[in-house]
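Quick notes on the structure that follows.
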Amino acid sequence: MKRVLFITYYWPPSGKASLHWPLKIIKYLPKHAWQPLVLTVEDDSFSVKDESLMEDISPELKVIRTKSYEPFNIYKKFIGKKKDDQLVTSETISKSNKSLSHRISIWLRINLFIPDARIGWYFPAVKAARKLIKDEKIDAIVSIGPPHSAHLIGKKISRKFNIPHVPVFIDPWVDIIYYKDFKRNKITLSIDNHLEKNVLQNAKAIVFVTDTMKKDYIKKYIFIESKSNVLYWGYNEDDFERIIVNKEQTEDKVIVHAGNIFSYQNPLNFWKQIKKENEIGNNIRIKFIGTVDPEIKKSITEEGLNEITEYCGFLPYNEMLKNISEADFLLVCASEPRHVPGKLFEYLRTGNPIIAFGNNNQEVKQILENSNAGIMYNYDESGEDFFTNYKNFKAEPSYVVKFDRERVAAEMAKILSHSS
């Protein structure tokens, strides 16, 4: 059996949503003649812990944890948090926080930490990877980004030991959506573009989790066309089989948004429509699972929807699946045309009607249409006709099943075999 080293910053017991793809791919790869090993950090700055995810890790899986020098410990001091206080992503890039200390911290983060604020992991990770590879035969390296610092670690080890490197892009690198409303200086952008190109040149194969991102990268770097692949985010069939769904028959309808939601994903007219629906007797409640940007909370308040809105915060993964399975409607908000939210695939698996917002996002729109799961709107639209047509939407299981991560893992194994 061949062996592949996964370099992933997020790993259980972290509850970070972006670890679910590598977690399940790693779980199923041994069925396809690939034995994974994992290089990760001892702890990360943001993630709420989800101990239940440890159940998916085989006792035979070798996991190497290293230190990481985190600038966010300094950021906590800047904003008056204690060392052990939890940080959430939305607050570190929030535009609503106008304090000088916050603005300085953002400038430092986007201009001095290249490619990202996890670069403090680079040297400990490279050192650990070198030792590991000297002790054990590794046939391929997979890095998961963001943080894209992981790709730099993968490239370094790949070149040092002449091992094929396969970077996985869950989000874009240089122009990730987090930078949308912030200006980076020219020197920073030049260095970041150089690092990105260097990684792609060295890569034996490249994996993107959306087709639009793949096309966007090929347009920027034509030389990657022949080695680019798309493996969608997917969902975990085995996790859905473990949950018990109890849908209560009440007059109230519940719409759930799961995952982080930022100020640039604010469907203002949709909140107005929710208010109208309630005024005409269609009792609709809103439930958020995950972090919610203060700007969105403000919009909810301004529409007088506080009494019908529930902010659950972080929930363990299985509880989140139970909540979206028991919902009447599911809300998904895309960031940009290249973004296919990971929760979309878990939404599809529930079979519940989906209302999506995202400007010019043809990929999400196509997935919803192909699966008959729901409707997509631009952010300036209200989604009014969704509430008159929602009974017509139920995702087609024969279409959805191709996104099961056990199937995705089989495709990943093929990419690794062709690369090594």
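Listed by first and then second residue, the pairs linking a residue in the stretch 369-394 that is surrounded by 17 or more Cβ atoms within 10 Å (Cβ to Cβ) to a residue that is of a type in the set (G, A, S), with Cβ atoms under 6 Å apart and 6 or more places separating them unless they lie on different chains, are S371/A395; A373/A395; M376/A356; Y377/G383; F393/A373; F393/G374.
Table: residues versus (1) free of Cβ contacts under 8 Å to residues at least 60 places away in the same chain; (2) assigned by TED's automatic domain parsing to the domain that holds A125.
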{"position": "S158", "(1), (2)": "yes, yes"}
{"position": "F161", "(1), (2)": "yes, yes"}
{"position": "Y221", "(1), (2)": "yes, yes"}
{"position": "T250", "(1), (2)": "yes, no"}
{"position": "N266", "(1), (2)": "no, no"}
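Comparison of S299, S335 shows that the only residue that is in contact with a helix residue (DSSP H, G or I) (Cβ under 9 Å, 6 or more places away or on another chain), free of Cβ contacts under 8 Å to residues at least 60 places away in the same chain and closer than 23 Å to L268 by Cβ is S299.
A residue that is assigned to a strand (DSSP E or B), assigned by TED's automatic domain parsing to the domain that holds Y390 and buried (at least 20 other Cβ atoms within 10 Å of the Cβ) occurs somewhere in the stretch 292-304. For the stretch 305-317, a residue qualifies if it is crowded, with 17+ Cβ neighbours inside 10 Å and assigned to a helix (DSSP H, G or I), and the qualifying residues are I308, Y317.
Candidates are the residues of the stretch 22-48 that are at pLDDT below 95 and of a type outside the set (A, V, I, L, M); the one that is nearest to P164 (Cα to Cα) is E42.
If the condition is being in contact with a Ser or Thr (Cβ under 6 Å, 6 or more places away or on another chain), within 17 Å of A205 (Cβ to Cβ) and not in a loop (DSSP other than H, G, I, E, B), then the stretch 128-160 contributes A140, I141, I144, A150, H151, G154. Would you please name the residue that is nearest to the chain's Cα centre (by Cα), looking only at residues in the stretch 199-220 that are closer than 20 Å to H418 by Cβ and not in a helix (DSSP H, G or I)? Filtering first and then ranking leaves V209. Could you go through the stretch 161-180 and let me know if any residue there is aliphatic (A, V, I, L, M) and part of a strand (DSSP E or B). Checking the stretch 161-180: at least one residue is aliphatic (A, V, I, L, M) and part of a strand (DSSP E or B). All conditions but one from (1) loosely packed, with under 14 Cβ neighbours inside 10 Å; (2) in contact (Cβ under 8 Å) with a residue 24 or more places away in the chain; (3) of a type outside the set (V, I, T) apply to S398; the one that does not is (2).
The values are calculated or read from the model by the stated rules, or taken from the named source; none is laboratory data. Just so you know, these numbers come straight off a predicted model, no measurement behind them. No Cβ is skipped: glycine too gets one built from the backbone with ideal geometry, and neighbour counts run over all protein chains shown.
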